[in-house]
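One structure is given here, and the rest of the page talks about it.
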Amino acid sequence: MKSYFALTLFVISCAVVMCHPPPDPEMRKYIDECTKDHNVTPKEFHEFMEGKAASPSENLKCSSHCVMLKQGIIDEAGNFKPDVAKSKMPDDKLAAAIDDCKDLSGSSACDTAFKITECVLSHK
């Protein structure tokens, strides 16, 4: 469930994926493309998904935005679409996490995506 939760979010976005294949091949594709496009290492990504990223890079933040953008749950400007995100969630616990995190914003679209992802992951 932990890896499914993380993948559904990284969406939100993304590697426990490096250890467990995601349930959705399309999500895996998004994660692979976005981490590659933003030069995020599997180790950096994994640490983030495990809540161990002490000082996340801008690249990591932007890979989160990239995945969320591909999923249609955030736009280019960083406007989060909680209703779309909830429609992709497998259970009510994740929907409640989205409600708790939906109003977070950051200094950029990447920072906003990262903060929302980090918040939702903290609810797992």
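Computed over the stretch 72-124, relative contact order equals 33 percent, with contacts defined as Cα pairs under 8 Å that lie 6+ residues apart.
For the pairs LYS70/LYS124; LYS52/LYS124; LYS86/LYS115; LYS61/LYS93; LYS70/LYS115; LYS43/LYS102, note any where the Cα-Cα span goes beyond 21 Å.
On the way: LYS70/LYS124 23 Å; LYS52/LYS124 14 Å; LYS86/LYS115 17 Å; LYS61/LYS93 24 Å; LYS70/LYS115 17 Å; LYS43/LYS102 27 Å.
Too far apart for the 21 Å limit: LYS70/LYS124; LYS61/LYS93; LYS43/LYS102.
Counted residue by residue at 0.36 nm each, then reduced by the alpha carbon distance between them, the extension gain from HIS123 to ASN39 reaches 27.5 nm. Derived value for the stretch 65-124: Kirkwood hydrodynamic radius 11.2 Å. Basis is the mean of 1/r over every pair of different alpha-carbon atoms. For the set ASP83, ASP111, the ranking by accessible area, highest first and with no ligand, DNA or RNA atoms included, is ASP83, ASP111 under a 1.4 Å probe.
Can you give the local net charge around THR112? Use residues other than it whose beta-carbon is closer than 14 angstrom to its beta-carbon, Lys and Arg +1, Asp and Glu -1. Around THR112, the charge tally is -2.
The length gained on full extension between VAL84 and LYS52, counted as 0.36 nm times the residue separation minus their Cα-Cα distance, comes to 8.7 nm. For the stretch 82-124, give the percent of accessible area contributed by carbon and sulfur heavy atoms, probe 1.4 Å, rounded to a whole number. C and S fraction of accessible area: 46 percent.
Could you rank the peptides 37-46, 59-68 by their average count of other C-beta atoms within 10 Å per residue, with the highest value first?
Final packing ranking: 59-68, 37-46.
The values are calculated or read from the model by the stated rules, or taken from the named source; none is laboratory data. From a predicted model like this one, the values you see are computed outputs, not experimental measurements. Glycine also receives a Cβ, built like all others from the backbone with ideal geometry; neighbour counts cover every protein chain displayed. These accessible areas exclude ligands, DNA and RNA; they are computed on the full protein's heavy atoms, side chains included. Shrake-Rupley method; radii C 1.70, N 1.55, O 1.52, S 1.80 Å.
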